[in-house]
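The next block holds one structure in the form of structure tokens; read it before the comments.
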Amino acid sequence: MNDALIQSWLDHLASERGLASLTVQHYGRDLSRLASGFPDRPLTDLQHADIRNSMGRLHQQGLSGRSLARMLSAWRNFYQFLIQRHQHSLNPCDGLRPPRHPGSLPHNLTVDQAQHLLDRADRDNPLYLRDQAMFELLYSSGLRLSELAALKLTQLDLREQELRVTGKGNKTRIVPLGLPAVQALRAWLALLPPDSPYVFPGRQASQHISPRTVQVRLALRARQSGLEEHVHPHMLRHAFASHLLQSSSDLRAVQELLGHAHIGTTQIYTRLDYQHLARVYDQAHPRARQKKR
């Protein structure tokens, strides 16, 4: 019974909600942790007290508040699915909160470090032109590594200096491109193989670049720029967000530009139109420039 319901939910996440396979695997693992605590009971019989006791037991086993928050979210989502699709009567996760966990800020680049990293391009080297376009995009638009690697030419609008991105959960957002990113893209696209649908193709034009290649090339650029710390793609995405917030203090606009999908915040951010987001970007981002037509 449990296995069939769990698989039905996972199929729903993959096919109807469009979640990535790795995310679906994590959800399945989280729900299996709940089921393993009640080997002789179906998940449909669990009550509020059972969920609370499961959280307490896992916390005693050393799971952090952050991990428990993720698990509770998965469990709550599963029971909501049962209510909608299998006539289940209640969600036993309602009203429960995970234990608090100490917050920690990811390490970030300063504005000067980011500028120094991006101002190092060798304009006579095709590989450097590709790298420059990739790194400018990461910092200019706050892309995720997976979004950058799979980016297609049809998603770019260099005339309008915009980029259409399909992120987690197949959610589409439009983000602006700063002038340095547009210039870097134009320089790289002039060298792009004509049969590639991707902005950054791999060894074969029909395939996109490997995310690992982006990681390696960025780490190399950081070393060549004299940065002592390891720089990874998400650090540029984090720099994009934090540098905008330092200048604008508009948390909602930055959240929308990043494409975060938390339900509570999405209801707020979807009320912001793109023109407002573009104004915040143009006024605040260190590598934004006045648009040229």
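Here are some notes:
- Residues that are acidic (Asp, Glu) and in a helix (DSSP H, G or I), drawn from region 106-165: Asp112, Asp131, Glu136, Glu147
- Residues of region 166-199 classified as assigned to a loop (DSSP other than H, G, I, E, B) and closer than 20 Å to Leu129 by Cβ, total: 11
- Condition met for Asp112 (at pLDDT 90 or above, under 27 Å from the mean Cα position of the chain (by Cα) and acidic (Asp, Glu)): no
- Residue within region 198-210 that is under 30 Å from Leu13 (Cα atoms), in contact with a strand residue (DSSP E or B) (Cβ under 8 Å, 6 or more places away or on another chain) and among the polar types (S, T, N, Q) present: yes
- Residue count for region 34-77, restricted to those that are under 25 Å from the mean Cα position of the chain (by Cα) and in a helix (DSSP H, G or I): 13
- Region 207-223, residues that are closer than 23 Å to His116 by Cα and small (Gly, Ala, Ser): Ala219, Ala222
- Some residue of region 272-279 being at pLDDT 70 or above and more than 17 Å from Leu118 (Cβ to Cβ): no
- Residue match in region 157-164 (condition: crowded, with 17+ Cβ neighbours inside 10 Å and closer than 28 Å to Ala14 by Cβ): yes
- The residue that is farthest from the chain's Cα centre (by Cα), among those in region 138-156 that are buried (at least 19 other Cβ atoms within 10 Å of the Cβ) and not small (Gly, Ala, Ser), is Leu156.
- Test: Gly178 is touching a residue at least 60 places away in the same chain (Cβ under 8 Å) and among the small types (Gly, Ala, Ser): yes
- Selection from region 70-88 of residues that are out of contact with any Phe, Trp or Tyr (no Cβ under 8 Å at 6 or more places or on another chain) and either among the aromatic types (Phe, Trp, Tyr) or farther than 19 Å from Trp9 by Cα (or both): Trp75, Tyr79
- All conditions but one from (1) touching a residue at least 12 places away in the same chain (Cβ under 8 Å); (2) under 13 Å from Phe81 (Cβ atoms) apply to Asn2; the one that does not is (2).
- Ala190 satisfies every condition listed in (1) under 30 Å from Arg17 (Cα atoms); (2) surrounded by fewer than 16 Cβ atoms within 10 Å (Cβ to Cβ) except (1).
The values are calculated or read from the model by the stated rules, or taken from the named source; none is laboratory data. This is a predicted model, so every value here is computed, not measured. Because the Cβ atoms are built from the backbone with ideal geometry, glycine has one as well, and the counts that use them run over all protein chains shown.
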